[in-house]
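The values are calculated or read from the model by the stated rules, or taken from the named source; none is laboratory data. Model, not experiment: these values are computed from the prediction. When we count neighbours, we look across all protein chains shown, and the Cβ atoms used for this are built from the backbone with ideal geometry, even at glycine. These area figures cover heavy atoms from the full protein model, side chains too; ligands, DNA and RNA do not enter into them. Shrake-Rupley method; radii C 1.70, N 1.55, O 1.52, S 1.80 Å.
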Amino acid sequence: MGIEFFEQDRVFKLDTPKSSYIIGIVDEENFVGHAYYGKKCRDHHLGYLCRTGEAPFVPSKNARDRLSFLDAFPFEYPTHGLGDYRESCISVRTKGGHSAVSLSYTGHKIYKGKPKLSGLPATFGSEGECTTLELICEDKALNMEVVLYYSTFEDTDVIARSVKITNKGKEPVYLTRALSACLEIDNQDFELLTMHGSWARERKIQYRKVGYGKQGVTSERGESSHQDHPFIALKAGDATQERGDVYGIHFVYSGNFFAQAEKNQFDVVRAVMGINPQDFCWKLEEGESFQTPEAVMVYSSEGLDGMTTSLHKLYRKHLIRGEYKDKKRPILINNWEATYFDFNTEKLIQIAKQASELGIEMLVMDDGWFGRRNDDNTSLGDWTVNEEKLNGGLNHLVEEVNKLGMKFGIWFEPEMISPDSELYKAHPDWAIAVPGREPGRARNQYVLDLSRKEVREHTYESIASVLRSANIEYVKWDMNRPLSDIGSMELDADRQGELFHRYVLGVYELQERLITEFPHLLLENCSGGGARFDPGMLYYSPQIWCSDDTDAIERLSIQEGTAMIYPLSTMGAHVSDCPNHTVGRVTPFETRGYVALAGTFGYELDVTKIPQEDRDQIPEQVKMYHKYNDLVREGEYYRIASYSVNHEYDCYMVVSEDKREALVTFIQVLNRPNCKSRKIKLKGLSEGLDYTIEGEEGVYAGDTLMNAGILIENPWGDFKGRLIHLTAR
Ligand code: DGJ
């Protein structure tokens, strides 16, 4: 496995356990072309797939039709302005006002391991786990070096890519586009898989047929967003959940993105992923470099399930870091839906007391504990404890909670500033704004200009000093509005186009500092629910609040989309009160528990006020969490049936790595008259093992369970669920 260069053929072969990726160096000009990506091949002689032996032929054989070549060749990293009219990955603006770029291979390095990306989140792996190729290219006319990075993993079918661009000339050059990856694949009647959403309904799966022209998803909001997700997959027309070709690209980044698939005149699909070129312009002085964020590519011949397995493994083993990487998370109770802004020390202690008696392990104090914040109109930036609410101070509250045997967690929204705050009075220029325009408010707040060092310094110190003042073991880092009115009071006019990206780098720097100073802290990212649920944030926090929608039924599809590309261990999921605060639906407490079990598991309710029969179920749910969480967190996840598709029931399962244990979750959303039971074919078990089902008589062979299936009796009523626990004998 790993990466090899075949000098005679001028071919690079990148192998993962089940896939091969082949790059060819072509013609006298050393064009870098993409030859193959798909099921693993023994052979490396696949350079011919770059089609250089066919008309319009390479420029050395056919100079008169150079443009036809440039517009047909499958470039690894296509450039703008010289005759490739498809979507490009790089363009510039020179002193002379020109935009063209041309890249030729000049050399390469292949080595074990994987380099870090300075200031950026990225997947990682040891020398035994990864191999890296650096393909060095140059544009002689621009005096620019472009290094294409590719890293393969020994244990998962993923290739990580990024690009580093260096200005080797004397004059500054402006990068106006610097994407992270491009993939050229012959069309297989592809469908484009994307995830779309809104507040409270994030990451809903969407398919559309790939047509001629360009189609894709983007964000210009300064965050990965509720609306679109930095992920695209090309699913072959005949591919299913279990079989067929699927190519996915996921962006390890938390800001503006651009993800596109373009079917061209030759029926080849070019997919690209990177920072959105809209409002992006990065000045490179002599000797300076720009490092793009990482994009990860996955190929599966085993349908969507194969893609899911590879990405889950990648993120669990090679992206998430820190103490909680492989550890069970404490069951928390968060007071947001319980009290909103209306709380004080006494109320919180009351909640904590009852919660601790029921087995809940951590109290999280959400928004409203600082400044004069009694609603969402004020005080962001004033991170000092409101002692009118928290009489006795923060440390007193934390000590009281700790005395109950519980951990304590706290909410911050560090990136924001309220116009009505002491911070804004002192530093109105710290808000992102365009001079001469009153910046637009969202939730009555502005965004702090984190591209500025002094702003980052102040922000960090104000939250770190709160964390240093008491035994705080968890932080929920929220971000409740997108960016707008893009302007920094500090950046020069020709660097304003750097603000979006510098902002994201600022967020990353702050979170890196935080987890370095507080290595035992459990950090949960959040953005008005799940507007910044992306692989970039996962590098800093092992879990992210999935959605502000805590309704068990809405969560089925939100969690289905999320779990298609993220491990279950990352999905912040809580049991909340009914009627649900977002949709007004009433579901059984038991079902709410089953659905939250697929994520980090916790509570978001006033335990002192919920009905006694619900409260009585909490100790059982706590037991259920402790019994199954190792399996849920570490097991392989399989989608069996989707409520979004069949409109009646949802079913998924997790299987332990050794295949000796499995848990099936079945949620009947709407009961179906005259339908006694449903047949469910299980997945991921060992054909050769025999399994028993907890609470039932009998032994089932693994192959029987997967090929013939089991019958699940329809529960009586809507919104009912069941867990089915299987153990190998
Ligand atoms: C949005 C979050 O998603 C909620 O859980 C809550 O923390 C609020 N913000 C608080 O303002």
Next item on the list: Provide Rg and Dmax in Å for the range 82-318, with only Cα atoms included in the calculation.
Entry: 17.8, 54
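All other residues with a Cβ under 14 Å from the Cβ of residue 671 taken together, and with Lys, Arg as +1 and Asp, Glu as -1, what is their net charge? Let's see the in-between values first.
Details: positive: 672, 676, 678, 720, 722; negative: 648, 650, 713, 718.
Cβ neighbours under 14 Å give a net charge of +1.
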Check: For a paramagnetic label modelled at 7 Å from the Cα of residue 699 toward its Cβ, which residues of the range 705-729 fall within the zone defined by backbone nitrogen distances under 14 Å?
Finding: 727-729
Note to self: Below 8 Å between Cα atoms, with a sequence gap of 6+, how large is the relative contact order for the range 641-728 in percent?
What the structure shows: 34 percent
Next item on the list: Sort the following peptides by mean Cβ neighbour count (other Cβ atoms within 10 Å, averaged over residues), highest first: 152-164, 651-663, 355-367.
Entry: 152-164, 355-367, 651-663
Checklist line | Relative contact order %, the chain, counting alpha carbon pairs below 8 Å whose residues are six or more apart | finding: 10 percent
Check: Along the range 398-407, what does the Karplus equation 6.51 cos²θ - 1.76 cosθ + 1.60 (θ = phi - 60°) give for ³J(HN,Hα), rounded to whole Hz, x for Gly and Pro?
Finding: 4, 4, 5, 5, 4, 4, 7, x, 10, 7
Item checked: Interchain or long-range residues, amide H under 5 Å from residue 187's placed H -> 268, 269
Notebook entry, point to check: So what's Rg/Rh here for the chain, counting alpha carbon atoms and using the Kirkwood radius for Rh?
Noted result: 0.98
Checklist line | At R0 = 60 Å, FRET efficiency that the Cβ-Cβ distance of residue 100 and residue 729 yields, to 0.05 | finding: 0.35
Next item on the list: Sketch the reach of a paramagnetic label on residue 495 as a point 7 Å from Cα along Cα-to-Cβ, and name the residues of the range 264-305 whose backbone nitrogen lies under 17 Å away.
Entry: 280-291
Item checked: residue 441-residue 289 FRET efficiency (beta carbon distance; Förster radius 45 Å; 0.05 resolution) -> 0.75
Next item on the list: Give me the net charge of residue 69's neighbourhood, meaning all other residues with Cβ under 14 Å from the Cβ of residue 69; Lys, Arg count +1, Asp, Glu -1.
Entry: -2
Notebook entry, point to check: Considering only protein heavy atoms and a 1.4 Å probe, what is the carbon-and-sulfur percentage of the accessible area of the range 248-321?
Noted result: 39 percent
Item checked: Percent of beta bridges antiparallel (DSSP, the chain, rounded to nearest 5) -> 85 percent
Checklist line | Neighbour net charge for residue 241 - beta-carbon separation under 15 angstrom, K R +1, D E -1 | finding: -4
Item checked: Per residue, in Å², the accessible surface of the chain once ligands and nucleic acids are set aside, probe 1.4 Å -> 37 Å²
Next item on the list: Compute the FRET efficiency between residue 60 and residue 384 as 1/(1 + (r/R0)^6), taking r as their Cβ-Cβ distance and R0 = 56 Å, and round to the nearest 0.05.
Entry: 0.20
Check: Which value, to two decimals, describes the C-alpha radius of gyration of the range 340-485 once divided by 2.2 N^0.38 Å?
Finding: 1.12
Check: How long is the gain from residue 457 to residue 323 if the chain were fully straight, where each residue apart is worth 0.36 nm and the alpha carbon distance is subtracted?
Finding: 45.7 nm
Checklist line | Ordering of 297-304, 250-257 by packing [mean C-beta count within 10 Å, highest first] | finding: 250-257, 297-304
Margin query: Could you work out how much longer the chain between residue 485 and residue 391 gets when fully extended? Use 0.36 nm per residue separation minus the Cα distance between them, nm to one decimal.
Written below: 29.9 nm
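Would you calculate, for the chain, the mean residue ellipticity at 222 nm contributed by helices, counting each DSSP H stretch of 4 or more residues as -39,500 (n - 2.57) and dividing by all residues, to the nearest 500?
The helix contribution divided over the chain gives -6000 deg cm²/dmol.
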Next item on the list: Return the carbon/sulfur percentage of the accessible area of the range 492-636, one whole number, probe 1.4 Å, all protein chains in place.
Entry: 50 percent
Margin query: Using only the Cα atoms of the range 584-729, what semi-axes does the equivalent ellipsoid have when each is the square root of 5 times a gyration tensor eigenvalue? Give whole Å, largest first.
Written below: 26, 19, 13
